[in-house]
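Notes for the one structure printed next.
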Amino acid sequence: MLKINNLHVSIEGKQIIKGLSLSINKGEVHALMGPNGSGKSTLSYVLSGKEGYEIEEGTIEYNGKNLLDLEVDERANAGFLGMPEIDALEFAKLIKSQAEDLGIGSEMLKRDLNVNYSGGEKKKQEILQMSILKPDMAILDETDSGLDIDALRIVSEGVNKLRSEQNSFLVITHYQRLLNYIKPDFVHIIAKLDMMPSKDISDYAEKVLLDNPFENFKIENYKYAQLHKSITSNVSLDEFKADLSSISSVKNIKLSDTSDIDLLSDLNKWNFNNADSYFRVNSILERSSKKIDLDLFREEIVCLDLSLFKENIHFLKTSDSPKTLMINNSNLSEDCARSIILNLSENAKLNIIHYNISNSKSFLYFEINQQNNSNLKFLSFQSNNIHTRNEFFASLEENCSLNLYGLNIHNYGVNDNYSFIQHMKPSSQSREVFKSIVKSGAITNFH
C-alpha cells in the first residue's frame, strides 16, 4: 500500500530525514518511535503534503502512484482521506453514533470545530473525523499527547474499531503506553540524524544500544531489546510441584480469599527516584488486580500459586506476628508482566519464599513498601527457566530491615534480576545477595 524508499528530507537547508525506507501493507499497523528531532513528525507532514519540506532524494508510492506528484486534495481522494456520498440525515446519524462511542456529548458537536478545545477534546475530534471519513491509510501523529489514561483508552478503542484487513495505520508516538492499547504489527525506532555516522552503520547500532537515544532507558530499550526477542531452548522443561506435605499447617490461597482492588487509579503514582518500570505499567493496564490481607489467615504459612491466578496481587501485612508467604511462580509462559505488591505496616514481619522454576517466559514486578520498624526477608529460588525477569523495587521508612536473597541455578536462556532499594530514612538497612551457577549458553544478569 505505502512504500517509502531511501527518503531524504530537509527544511530550510537542515536535513531532518536521511535514507528512510519503510513499507506498510494493507491491513497492517506500524508504530514509529524515537526521540525529539529524529524526523517522526516530519515524515507525517511529508506524507500529507505540507508545504516547506524539500524532498532531496527518494520515492514514496501509494497504491502504485507517486505520492509526491499529488496535491493534498489528490492524496485525500487517493485514500489518505475519503468518504462516499451520503445524505444529510444519514450523515447526522452516523456522526451521533460515532461520537457516543468516543464519549463526545451532543453539546460538543454544536461547538465550532477546534475552537477553545482542550488537548484531549481535540484528539477525540480527530478520531471522530477519521471514523467518519474511513481512510484506507491513516497517520496518527502523537495521538496520545495530552491525554489522561481514561481518554487514551477511549481514543484507542476508537482506533481499534476502525482496524480491518482493508486499511492501514502509521502510529507515531514518543511513549510506549499508547502501544498497550493499539497493538502494532511492527515497531520501528528512528534515531536522531546527528548521531548517524557517515560510514559504518554497525557502529551506529552499537552506539544506540550502549548510549541509548531514549529518555527512558528502562521502558524503551529493555522492552524492545529484550521482551520482543524470541528466546528458546531445546530443553524440555519438567513441571515443578512444590511439596508441602511435611508442613502441618499451610493455607493455599483461593480466588474466594481475595477481593478486587483498582490499581489503575494509581498508574501515574510513581514514588521511586528512578525510571518507572515498564512491567508495572504493562501489568496494571493489561490485568485486573486482587487484594489479599495476610493477617486474615490463622496459618503461619500461606501459599499462593500464580498459575491459578491471572491477576496482579496486592498483599497487606499489618500485624507484628510473623508469617511466611510462599509464592509459587512456576510452569508459566506469559508475555504480559505481572505485579506483586507488598505493603507492610508499622512493626509488621514477613518472610517470603519465591519459587521461580520451569518457566518458558515469566516477567514479575515486585513492589515492596515498608512502614516504620517493619521487617522483610525475601528468598528467590530460580531454576530451570528459559526466559525470566524479576524486578524488585523497595521503599523503606524508619528503622526498617530488608534482606533480599536469590539463588539462580541450571537456567537455559536469559534470566534477569533487577533491584532498586530506596531508603527514606538513614536508620533503615537492606542487604542483597544473589548467587548464580550458569549453564553453558545461559545468560544471567543482576542489576
Response to the item:
Selection from the stretch 61-77 of residues farther than 18 Å from residue 22 by Cβ and in contact with a strand residue (DSSP E or B) (Cβ under 6 Å, 6 or more places away or on another chain) yields none
Discussion item. Against the condition touching a residue at least 24 places away in the same chain (Cβ under 8 Å) and closer than 14 Å to residue 257 by Cβ, how does residue 304 come out, does it pass?
Written reply: yes
Worksheet item: So which residues in the stretch 60-73 are part of a loop (DSSP other than H, G, I, E, B) and out of contact with any helix residue (DSSP H, G or I) (no Cβ under 8 Å at 6 or more places or on another chain)?
Response: 64, 71
Worksheet item: Does residue 19 satisfy the condition of being assigned to a loop (DSSP other than H, G, I, E, B), touching a strand residue (DSSP E or B) at 6+ places or on another chain (Cβ under 8 Å), at pLDDT 75 or above and surrounded by fewer than 17 Cβ atoms within 10 Å (Cβ to Cβ)?
Response: no
Worksheet item: Quick check, is residue 320 among the charged types (D, E, K, R), touching a strand residue (DSSP E or B) at 6+ places or on another chain (Cβ under 7 Å), surrounded by 13 or more Cβ atoms within 10 Å (Cβ to Cβ) and over 29 Å from residue 387 (Cβ atoms)?
Response: yes
Worksheet item: From the residues in the stretch 280-307 that are under 24 Å from the mean Cα position of the chain (by Cα) and under 19 Å from residue 355 (Cβ atoms), which one is surrounded by the most Cβ atoms within 10 Å (Cβ to Cβ)?
Response: 306
Worksheet item: How many residues does the stretch 405-414 hold that are in a strand (DSSP E or B) and either closer than 17 Å to residue 432 by Cα or more than 23 Å from the chain's Cα centre (by Cα) (or both)?
Response: 5
Worksheet entry | Those residues of the stretch 22-59 which are under 15 Å from residue 138 (Cα atoms) and assigned to a loop (DSSP other than H, G, I, E, B), in sequence order | 25, 26, 27, 28, 49
Fill in: Sole residue being of a type in the set (D, E, K, R) and under 19 Å from residue 334 (Cα atoms), chosen from 391, 367
391
Worksheet entry | Members of the stretch 367-377 found to be within 20 Å of residue 435 (Cβ to Cβ) and surrounded by 19 or more Cβ atoms within 10 Å (Cβ to Cβ), listed by number | 376
Worksheet item: What number of residues within the stretch 308-317 are surrounded by fewer than 20 Cβ atoms within 10 Å (Cβ to Cβ) and of a type in the set (A, V, I, L, M)?
Response: 2
Practice prompt. Specify the residue that is farthest from residue 190 (Cα to Cα); the eligible residues are those in the stretch 36-66 that are over 30 Å from the mean Cα position of the chain (by Cα) and touching a residue at least 60 places away in the same chain (Cβ under 8 Å).
Written response: 63
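One line per residue, one yes/no per condition, for (1) part of a strand (DSSP E or B); (2) surrounded by fewer than 23 Cβ atoms within 10 Å (Cβ to Cβ); (3) of a type outside the set (Phe, Trp, Tyr); (4) touching a residue at least 40 places away in the same chain (Cβ under 8 Å):
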{"position": "351", "(1), (2), (3), (4)": "yes, yes, yes, no"}
{"position": "356", "(1), (2), (3), (4)": "yes, no, yes, no"}
{"position": "365", "(1), (2), (3), (4)": "yes, no, no, yes"}
{"position": "379", "(1), (2), (3), (4)": "yes, yes, yes, no"}
{"position": "382", "(1), (2), (3), (4)": "yes, no, yes, no"}
{"position": "394", "(1), (2), (3), (4)": "yes, no, yes, no"}
{"position": "398", "(1), (2), (3), (4)": "no, yes, yes, no"}
{"position": "403", "(1), (2), (3), (4)": "yes, yes, yes, no"}
{"position": "416", "(1), (2), (3), (4)": "yes, yes, yes, yes"}
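The values are calculated or read from the model by the stated rules, or taken from the named source; none is laboratory data. None of these values were measured; they are calculated from a predicted model. Using ideal geometry, Cβ is built from the backbone for each residue, glycine included, and neighbour counts are taken over all protein chains shown.
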